[in-house]
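Asks: The structure under discussion is supplied below as structure tokens; questions concerning it will follow.
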């Protein structure tokens, strides 16, 4: 079997398995992207191409009776297949045998983090697939002259269209073409400067970052929270890949520190931005995980120079991938069999909401917008919009924001807020919601866990 046929077979099998186990539930951000695909006039600065990509995908999938939700998810599934192939190909280029390289590809592509994203309406895997594709094009530069340089740049810009933080991978993608024009220390300094410019530019454009920088105590607290979230997420969603990466980094730091430049060029900009900003969380997590993960094939290639170590590490890698695939498969099967509770709750709210009423809702607002005709104000956007206008969360009172929205309503007789919206305010905004639940307030029962509370402005 030719190498191309092997890649094609791996791609098709991965896509077929993941597509057969798509989860039923749609998450908050995914529904937002689906909404944006309906109205392409509003450009999303972080994902300028993604809503249009969903529209295009639906135009194809719709020919076979597929929904827009299915089309958007298939985009992520296909991206996951390309991530597997490009990771596999990159590991071979590091010097691993084909079966070892495939195991390395599966170590990352079969992690719970990657498989979950492959079943969601998200642009993160599309971004990562394009970054790895741009890297492949840049490597072809050595064989085909300048054409691959242009190709790599185009593919990287497309990646930025799906998720703008893809630009943070530019120093890694162009490390070898730039390296031929610069020598030794000059190359390292140039790439480091390039990385710093990208990172500082991204941070300086963020209002929240500027606010935190004015208060060092809050800034360091944010660092700790973000790094804790990083460790937790990688530990739960990509445990074996994370442990393998850590071991590879430790081994290279002792036996081949110069080899650390490649994974650090990829991961460092993402790690810096994530530590300070913490968002977009999953996109930055992918940059960190797959960046540092470049150390795994490098370390394995060096260890495998001895036959005994090659057999031991190969057996350990196959065992890790087998256990991880089984664990991820079980979790994915459960997600595929679990109904979308928020979808059912949205229909229940539509039936329970009194006529001529306006609703303010928390996380369930996206489901209400997508699946029902309930007139709804999305609490998250209302609060974040007010915080941006006031230059910081500390400068607003969430309860007053809700009351002002209720007072400004002129089109409906009554205004209600969901109980999960109140819980969202308490949990994420530390709000005392007592003024929204005065003595004798009107409460409409929807389910055992969900009520509608009438707001008296």
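Asks: Out of (1) out of contact with any helix residue (DSSP H, G or I) (no Cβ under 6 Å at 6 or more places or on another chain); (2) part of a helix (DSSP H, G or I); (3) assigned by TED's automatic domain parsing to the domain that holds residue 231; (4) over 29 Å from residue 99 (Cα atoms), what's the single condition that is false for residue 349?
Replies: So the condition that residue 349 fails would be (3).
Asks: Criterion first (farther than 21 Å from residue 168 by Cβ and at pLDDT below 75) does residue 195 satisfy it?
Replies: Here the answer is no, as residue 195 does not meet what is asked.
Asks: Now, a different point. Tell me, yes or no, whether region 73-95 has at least one residue that is surrounded by fewer than 24 Cβ atoms within 10 Å (Cβ to Cβ), touching a residue at least 12 places away in the same chain (Cβ under 8 Å) and not in a helix (DSSP H, G or I).
Replies: yes
Asks: List the number of the failed condition for residue 319; all other conditions in (1) over 27 Å from the mean Cα position of the chain (by Cα); (2) buried (at least 18 other Cβ atoms within 10 Å of the Cβ); (3) within 30 Å of residue 104 (Cβ to Cβ) hold.
Replies: Only one criterion is unmet by residue 319, namely (2).
Asks: Next question, about the same structure. Restricting attention to region 332-348, which residues are in contact (Cβ under 8 Å) with a residue 12 or more places away in the chain and within 28 Å of residue 376 (Cβ to Cβ)?
Replies: Across region 332-348, the qualifying residues are 335, 338, 339, 340, 341, 342, 343, 345, 346, 347, 348.
Asks: How about region 24-48: which of its residues are surrounded by fewer than 19 Cβ atoms within 10 Å (Cβ to Cβ) and under 23 Å from residue 83 (Cα atoms)?
Replies: 27, 29, 46, 48
Asks: Report yes if some residue within region 391-403 is surrounded by 13 or more Cβ atoms within 10 Å (Cβ to Cβ), closer than 30 Å to residue 68 by Cβ and either out of contact with any strand residue (DSSP E or B) (no Cβ under 8 Å at 6 or more places or on another chain) or outside the structural domain of residue 25 (by TED's automatic domain parsing) (or both); otherwise report no.
Replies: No, that holds for no residue.
Asks: Which condition number does residue 410 fail, the rest of (1) closer than 29 Å to residue 355 by Cβ; (2) part of a helix (DSSP H, G or I) being met?
Replies: (2)
Asks: Filter region 254-307 for residues that are in contact (Cβ under 8 Å) with a residue 60 or more places away in the chain and either part of a loop (DSSP other than H, G, I, E, B) or not assigned by TED's automatic domain parsing to the domain that holds residue 127 (or both) and give the result.
Replies: 277, 280, 293, 294, 304
The values are calculated or read from the model by the stated rules, or taken from the named source; none is laboratory data. This one's a predicted model, so the numbers in the text were calculated from it and none came from an experiment. When we count neighbours, we look across all protein chains shown, and the Cβ atoms used for this are built from the backbone with ideal geometry, even at glycine.
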